[in-house]
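These notes concern the structure reproduced below.
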């Protein structure tokens, strides 16, 4: 799924900063800025999906449903990911500016690729497992966006 539509440029407005001290003998390695940008991207994706979910005019649409499931599910995964990465790799600086997603399929395809690319920053299998869960959620969201035409009736 190598859609190279870049999601960069969404890090203009600082909104949150998390600080932590790395465990002894551990550090962020060669990619501290990349790691912070990636975690910021994930926080942005969660908030973009939330805004997109709320802004849907037809609440029974598949986009409304898919974005709701995505942001709700990503919330817990992302919280654990950010905290555990900081526990062993140290300080992250998280900033982003959220907005409505104009093309949800293209956005999720790009996010899927960004998660795949982020694997090179980590060697811990448990961090890679967390990335697997977020990538699986993104793929499931893509399925809902591409193949489900309406949300189930409540």
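The values are calculated or read from the model by the stated rules, or taken from the named source; none is laboratory data. Bear in mind that the values here come from a model prediction, so they are computed numbers and not experimental data. All Cβ positions, even for glycine, are placed from backbone atoms using ideal geometry, and neighbour counts span all protein chains on display.
Among the residues of the range 46-67, is there at least one that is within 24 Å of residue 145 (Cα to Cα), out of contact with any helix residue (DSSP H, G or I) (no Cβ under 8 Å at 6 or more places or on another chain), assigned to a loop (DSSP other than H, G, I, E, B) and at pLDDT 90 or above?
no
Test each condition in (1) at pLDDT 95 or above; (2) surrounded by 13 or more Cβ atoms within 10 Å (Cβ to Cβ); (3) over 16 Å from residue 65 (Cα atoms) for residue 138 and report the one that comes out false.
Result: residue 138 fails condition (3) only.
For residue 86, indicate whether it is within 13 Å of the chain's Cα centre (by Cα) and part of a helix (DSSP H, G or I).
no
Specify the residue that is farthest from the chain's Cα centre (by Cα); the eligible residues are those in the range 97-112 that are in a helix (DSSP H, G or I) and buried (at least 19 other Cβ atoms within 10 Å of the Cβ).
Selected residue: 104.
Regarding the range 146-154, can at least one residue be identified that is in contact with a helix residue (DSSP H, G or I) (Cβ under 9 Å, 6 or more places away or on another chain), crowded, with 18+ Cβ neighbours inside 10 Å and at pLDDT below 95?
Checked the range 146-154: at least one residue is in contact with a helix residue (DSSP H, G or I) (Cβ under 9 Å, 6 or more places away or on another chain), crowded, with 18+ Cβ neighbours inside 10 Å and at pLDDT below 95.
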